[in-house]
1. Contact list please: Cβ distance under 6 Å, first residue in the range 54-76 and touching a residue at least 12 places away in the same chain (Cβ under 8 Å), second residue in a strand (DSSP E or B) and hydroxyl-bearing (Ser, Thr, Tyr), pairs at least six apart or on different chains.
2. Please enumerate the residues belonging to the range 128-157 that are surrounded by 16 or more Cβ atoms within 10 Å (Cβ to Cβ) and part of a loop (DSSP other than H, G, I, E, B).
3. I'm told Glu214 meets every condition in (1) in contact (Cβ under 8 Å) with a residue 40 or more places away in the chain; (2) under 23 Å from the mean Cα position of the chain (by Cα) except one. Can you identify the failing condition by its number?
4. Conditions: (1) touching a residue at least 24 places away in the same chain (Cβ under 8 Å); (2) within 20 Å of Ser146 (Cα to Cα). Leu234 meets all but one. Number of the miss?
5. Between a residue in the range 124-143 that is polar (S, T, N, Q) and any residue that is in a helix (DSSP H, G or I), which pairs come within a Cβ distance under 7 Å, given they are 6 or more apart or on different chains?
6. Output the residues belonging to the range 158-178 that are without any contact (Cβ under 8 Å) to a residue 24 or more places away in the chain and assigned to a helix (DSSP H, G or I).
7. Pro181 versus (1) outside any loop (DSSP other than H, G, I, E, B); (2) surrounded by 12 or more Cβ atoms within 10 Å (Cβ to Cβ); (3) free of Cβ contacts under 8 Å to residues at least 12 places away in the same chain: which is the lone unmet condition?
Amino acid sequence: MLEDHFFLKNNVVNVDAAVVGVSKTSWKHIPEQGANDEQAQKSMAQHRFDVLPIVATDGAVKEYFHAKNWNDYSSIERKEIDYDDVMSFRTPLHSLIRGFAKEERLFYFLANEDRIVGLVSVANLNCRQVRTFIFSLISDLEIRLSKFIDSEMDETEILNFGVGTETETSYNSDKEKGLDPNLMEYLYLSDLINLIAKKRLFNMLGYESKKKFEHSLGRINKLRNQAAHPTRSLITSADSVGKLWDKIEIIERCLFRLRQTGR
């Protein structure tokens, strides 16, 4: 059936550029009449905007001011909107982040066909929806790593290899209460990484060495902590989005390999 692809989606959190960005009806802009460097610079510094759209009297958006350097409003430039400055407002978040990282961009104008309808910058990636997207990816990774370990190690072996003290205490406490708990439900991402490294199961996931596995997945554990704490920004500098994309690729590469093993 034509509808089948909707039922086969693995990623249940669907976020697009419009959800993350700012609509033309809500953004701060400068009218084309009287749009000069001095007024633009003042407005950008006041609102801490790196991009300031220029709106014509008929509502068209064809130009913008931008800061030449991230968060530095002492030097700005006026430019015409070009092909590379624009993407569809329906662009999936995954593709948006990849575009920021691979093209080393700090913003995109969002278009609906031939009309500019919004704007999105790397600073917008600190919103709740992006955290939800990131956390869903990490949750999928944790679930699949748990299934992978569960298929390769029994409960006694897992406990002998060692898990976190807090994890083992909670598990044993519930077991003494007769709750018949499943040990896998008590493991943190750090426990899963540690077990795979100690059991040397990382080769099955395409990692050449324990060091490379721990380095890659260790970065994801740090990202998990960032995504779980709303007071911690995901994007703090111009190169943060590149680092975020690197971690997303690590997650997706590991998920792909786990699916290849049937987990």
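We did not get these values from a lab; they are worked out from the coordinates using the rules stated. The structure displayed is predicted, hence computed values, not measured ones. A quick note on method: Cβ atoms are made from the backbone with ideal geometry, for glycine too, and the neighbour counts reach across all protein chains shown.
1. Pairs that qualify, where the first residue is touching a residue at least 12 places away in the same chain (Cβ under 8 Å) and the partner is in a strand (DSSP E or B) and hydroxyl-bearing (Ser, Thr, Tyr), are Ile54/Tyr64; Ala67/Tyr73.
2. Matches in the range 128-157: Met153 only.
3. Unmet for Glu214, out of (1) in contact (Cβ under 8 Å) with a residue 40 or more places away in the chain; (2) under 23 Å from the mean Cα position of the chain (by Cα): (1).
4. Of (1) touching a residue at least 24 places away in the same chain (Cβ under 8 Å); (2) within 20 Å of Ser146 (Cα to Cα), only one is false for Leu234: (2).
5. So the pair list comes out as Asn124/Val20; Gln129/Val19; Gln129/Val20.
6. As a first pass, look at the range 158-178 and keep what is without any contact (Cβ under 8 Å) to a residue 24 or more places away in the chain: 160, 165-166, 168-178.
Matches in the range 158-178: Asn160, Thr165, Glu166, Glu168, Thr169, Ser170, Tyr171, Asn172, Ser173, Asp174, Lys175, Glu176.
7. Of everything listed in (1) outside any loop (DSSP other than H, G, I, E, B); (2) surrounded by 12 or more Cβ atoms within 10 Å (Cβ to Cβ); (3) free of Cβ contacts under 8 Å to residues at least 12 places away in the same chain, Pro181 misses just condition (1).
Every residue, every condition in (1) over 27 Å from Arg232 (Cβ atoms); (2) among the charged types (D, E, K, R); (3) surrounded by 17 or more Cβ atoms within 10 Å (Cβ to Cβ), yes or no:
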position: Gln33; (1), (2), (3): yes, no, no
position: Phe49; (1), (2), (3): no, no, yes
position: Tyr64; (1), (2), (3): yes, no, yes
position: Phe109; (1), (2), (3): yes, no, yes
